[in-house]
Amino acid sequence: MKERPPFKPSPTLTLNERLAALRNLPAFFKLVWETSPLLTLANILLRFLRSALPLLILYVGKLIIDQVVLLHNTTTAKPHDYLWQLVAIEFGLAILTDAFGRAVALIDSMLGDKFSNLTSVKIMEHAATLDLDQFEDAVFYDKMERARQQTVGRTVLLSQVLSQVQDFITIGFLSVGLMAFNPWLILLLLVAILPAFLGESYFNDRTYALTRSQTPQRRELDYLRYLGASDETAKEVKIFDLSGFIIGRFKTLSDKFYNDNKQIVIKRSVWGAFFAVLGSAGYYGAYVYIIAQTISGHISLGQLTFLAGSFRQLRGLLEGILTRFTTVSQGAIYLRDFFEFFEIEPKIRHTANARLFPNPVKTGFTFEDVGFRYIHSERWANRHLSFTLHPGEKLALVGENGAGKTTLVKLLARLYDPTEGRILLDGYDLKEYDLNDLRFNIGIIFQDYLRYQMTFSQNIAAGNINQKDNNELIVKSAQQSLADDLAKKLPGGYEQMLGKRFFEGVELSGGEWQKVAIARAYMRDAQLLILDEPTSALDARAEFEVFERFTELTRGRSAVLISHRFSTVRMADRILVLEKGEMAEIGSHEELLAKNGKYAELFNLQAMGYQ
């Protein structure tokens, strides 16, 4: 997909840009409706009913005052029943107004929570479809971060839009009486509040542009918070005395954000006060005119109250609508950030009528001049790779850090697609195979495996989460990775919470975590097992036991090992040596030593450490 250029708002958006941003609202309301049709309908209905109440209350108030004046000026006694009926009606309308307001607020809150949950799920679902290399792109992360920010509080936008509609209906009711008296009053009202609207619009634009430009630095700020106060970082922060550096960097960034925001806030407050004076002057000018008309006898005291109240409420409603228009259009612009994330499409896709993973594998995996380069990188991570991983073969990958070993196995598992060349499985391109079936038949444990803050059994079941309730398989996998002995020592056994994030959690050593991670690879009946530095945290005895079992369990299956320990590497049938992403040599341990090439150099360097 050809990506459109990133949206870069100008410091001040034009009216056309604002109106264009409102095109995001239909898709937004579709999501809101999907969240809860019942709550959405109830919200709209309650707001419509509530919009008519201000006019009714003002009109009943006019009748009450006119009735009081009439009774006051009448010398003969008259029954007060009608007056008390009017008071009771106004009291009932006041109760209804409060009840409808509270009901709307309640529904807004419920709808907001449901919407936040729904959109968070949608972001996670969409993120799960995207390619691994997209997650390694800073531009993508900025987009995802902005999308995440829209999951919370976006129903405020729903409330604001519906409030706009509600206020427009209320204004329609109130304007009928005011226009019948003098249409020029509404024009005076618009002139008085228009400057305030333009001012709010300008400063909202500046705030949006500033917030958007700060996204990368705010991600850094969140990362610094994590570094400065986390159980996972505390050890290294203390030993290297990094707290001063981290806190200093945090203060620098947070102070910059504070100062940038402060400039806008101060200017906004000053201009806001000036525009508020203009609005008040317009209102009181109209108020004086209405009073003068009452004194001259052109309107009654009840009409004075009705018109003054109508004008006051119209002023507030119009100010709210104009100011809210700025906020709504601003929110609609922010929605672009949200929907823009969902426009990102994966390059690795599920294909129709895809092939199933062969069982058994007949000719193996073949790399044909395969090369891969990361997004925004000019350096090739892998280049000119041509070899075959035969059925049942144990292949070890050797090379210095950055030689492209992990990238190669990610290509094998189709976490990446080659930038050039192709990878075949039994003579067919990997792209022709069902993606889920392909990955299910490949068991892989990376060196940077996750340490889930979950139970012991859930940590193992992560290797095949569909079998999370299969206790027999979980225990069997733990036994195969030597993690079973560890489970027996834990207070809660397989239901013991691991990690210190949650109550009564137990932290494991690096080697213990590694045994749990290796158990994940055994959770599925995979035809290809890939272990990336599988025993780096294990002691020599545990490493020997793990590989004894690994050799036995992978009999008849293909396996790929990445290791810097040559005691592990020499157990493989063949060894592929990578140098700067390219294949330097391939062969058995004995063959490569006889060649006296790169492998022999690395082997002898490590052997010298044991002499």
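The values are calculated or read from the model by the stated rules, or taken from the named source; none is laboratory data. The structure presented is a predicted model; accordingly, all values stated were derived computationally and were not measured. Here the Cβ is made from the backbone with ideal geometry for all residues, glycine too, and neighbour counts use every protein chain on show.
Do we find that Leu118 is within 15 Å of the chain's Cα centre (by Cα), of a type in the set (A, V, I, L, M), more than 30 Å from Tyr416 (Cβ to Cβ) and assigned by TED's automatic domain parsing to the domain that holds Trp33 in this structure?
yes
Output the residue which, of all residues in region 104-153 that are outside any helix (DSSP H, G or I) and touching a Phe, Trp or Tyr at 6+ places or on another chain (Cβ under 7 Å), is surrounded by the most Cβ atoms within 10 Å (Cβ to Cβ).
Gln150
Among the residues of region 233-275, which ones are exposed (fewer than 14 other Cβ atoms within 10 Å of the Cβ), under 31 Å from the mean Cα position of the chain (by Cα) and within 22 Å of Arg501 (Cβ to Cβ)?
Of everything in region 233-275, those that are exposed (fewer than 14 other Cβ atoms within 10 Å of the Cβ), under 31 Å from the mean Cα position of the chain (by Cα) and within 22 Å of Arg501 (Cβ to Cβ) turn out to be Ala234, Lys235, Glu236.
Name the one entry in Val156, Val176 that is at pLDDT 70 or above, β-branched (Val, Ile, Thr) and over 30 Å from Leu304 (Cβ atoms).
Criteria check complete, one pass: Val156.
Specify which of the listed residues (Val265, Val270, Val277) is closer than 30 Å to Trp184 by Cβ and either of a type in the set (S, T, N, Q) or assigned to a helix (DSSP H, G or I) (or both).
That would be Val277, the only listed residue that is closer than 30 Å to Trp184 by Cβ and either of a type in the set (S, T, N, Q) or assigned to a helix (DSSP H, G or I) (or both).
So if I check each of Glu340, Glu368, which one is farther than 30 Å from Thr119 by Cα and either in contact with a Leu (Cβ under 9 Å, 6 or more places away or on another chain) or at pLDDT below 85 (or both)?
Result: Glu368 is the single residue among Glu340, Glu368 that is farther than 30 Å from Thr119 by Cα and either in contact with a Leu (Cβ under 9 Å, 6 or more places away or on another chain) or at pLDDT below 85 (or both).
Condition check: within 27 Å of the chain's Cα centre (by Cα), buried (at least 17 other Cβ atoms within 10 Å of the Cβ) and within 30 Å of Asp417 (Cβ to Cβ). Does Tyr522 satisfy that?
So Tyr522 fails the test.
Within region 456-496, how many residues are surrounded by 19 or more Cβ atoms within 10 Å (Cβ to Cβ) and either out of contact with any helix residue (DSSP H, G or I) (no Cβ under 9 Å at 6 or more places or on another chain) or closer than 16 Å to Glu512 by Cβ (or both)?
14
Each row is one residue, and each column tells you yes or no for (1) out of contact with any His (no Cβ under 8 Å at 6 or more places or on another chain); (2) surrounded by 18 or more Cβ atoms within 10 Å (Cβ to Cβ); (3) without any contact (Cβ under 8 Å) to a residue 24 or more places away in the chain; (4) among the basic types (Lys, Arg).
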| residue | (1), (2), (3), (4) |
| --- | --- |
| Arg549 | yes, no, no, yes |
| Arg557 | yes, yes, no, yes |
| Ser563 | yes, yes, no, no |
| Val569 | no, yes, no, no |
| Leu578 | yes, yes, no, no |
| Met583 | no, yes, no, no |
| Ser588 | yes, no, yes, no |
| Leu593 | yes, no, yes, no |
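Assuming Ser377 fulfils every condition listed in (1) among the polar types (S, T, N, Q); (2) farther than 21 Å from Ala584 by Cα; (3) touching a residue at least 40 places away in the same chain (Cβ under 8 Å) apart from one, which condition is it?
Among (1) among the polar types (S, T, N, Q); (2) farther than 21 Å from Ala584 by Cα; (3) touching a residue at least 40 places away in the same chain (Cβ under 8 Å), Ser377 violates only (3).
Quick check on region 399-410. Is at least one of its residues among the basic types (Lys, Arg) and modelled with pLDDT of 90 or more?
yes
Let's see how each residue does on (1) among the aromatic types (Phe, Trp, Tyr); (2) modelled with pLDDT of 90 or more; (3) crowded, with 18+ Cβ neighbours inside 10 Å:
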{"site": "Ile375", "(1), (2), (3)": "no, no, no"}
{"site": "Arg383", "(1), (2), (3)": "no, yes, yes"}
{"site": "Arg414", "(1), (2), (3)": "no, yes, yes"}
{"site": "Asp434", "(1), (2), (3)": "no, yes, no"}
{"site": "Ile445", "(1), (2), (3)": "no, no, yes"}
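At pLDDT 75 or above and farther than 30 Å from Leu178 by Cβ: is that true of Gly285 in this structure?
No.
Cβ-Cβ under 6 Å, sequence separation 6+ or interchain: first residue in region 134-163 and at negative phi, partner at pLDDT 75 or above and assigned to a loop (DSSP other than H, G, I, E, B). Which pairs?
Asp137/Ile375
Would you pick out the residues in region 523-533 that are at pLDDT below 85 and in contact with a Leu (Cβ under 7 Å, 6 or more places away or on another chain)?
Result: Leu531, single match.
Yes/no per residue for (1) under 18 Å from Arg148 (Cα atoms); (2) among the hydroxyl-bearing types (Ser, Thr, Tyr); (3) modelled with pLDDT of 75 or more:
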{"site": "Leu198", "(1), (2), (3)": "no, no, no"}
{"site": "Phe203", "(1), (2), (3)": "no, no, no"}
{"site": "Thr211", "(1), (2), (3)": "yes, yes, no"}
{"site": "Thr215", "(1), (2), (3)": "yes, yes, no"}
{"site": "Asp222", "(1), (2), (3)": "yes, no, yes"}
{"site": "Gly228", "(1), (2), (3)": "no, no, yes"}
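When you scan region 230-238, do you find a residue that is in a helix (DSSP H, G or I), closer than 30 Å to Leu508 by Cα, at pLDDT below 70 and assigned by TED's automatic domain parsing to the domain that holds Gly302, even just one?
yes
When residues of region 489-534 are filtered for being farther than 22 Å from Asn464 by Cα and charged (D, E, K, R), how many remain?
Counting residues in region 489-534 that are farther than 22 Å from Asn464 by Cα and charged (D, E, K, R) gives 5.
Can you name every residue in region 483-531 that is of a type in the set (Lys, Arg) and either in contact with a Gly (Cβ under 6 Å, 6 or more places away or on another chain) or assigned to a strand (DSSP E or B) (or both)?
Arg520, Arg524
Go through Gly316, Gly320, Gly282 for me and flag whichever is free of Cβ contacts under 8 Å to residues at least 12 places away in the same chain and either under 30 Å from Leu22 (Cα atoms) or surrounded by 17 or more Cβ atoms within 10 Å (Cβ to Cβ) (or both).
Gly316
Based on this model, can you work out whether Asp222 counts as surrounded by fewer than 12 Cβ atoms within 10 Å (Cβ to Cβ), in a helix (DSSP H, G or I) and under 23 Å from the mean Cα position of the chain (by Cα)?
For Asp222, the condition - surrounded by fewer than 12 Cβ atoms within 10 Å (Cβ to Cβ), in a helix (DSSP H, G or I) and under 23 Å from the mean Cα position of the chain (by Cα) - is met.
Quick one: Glu472 ticks every box in (1) over 26 Å from Arg349 (Cα atoms); (2) at pLDDT below 90 except a single one, so which number is it?
(2)
Quick one: which helices (runs of 4 or more DSSP H) lie wholly within region 557-611 and hold at least 3 residues that are out of contact with any helix residue (DSSP H, G or I) (no Cβ under 6 Å at 6 or more places or on another chain) and closer than 25 Å to Ala381 by Cα?
Fully inside region 557-611 and qualifying: 598-608.
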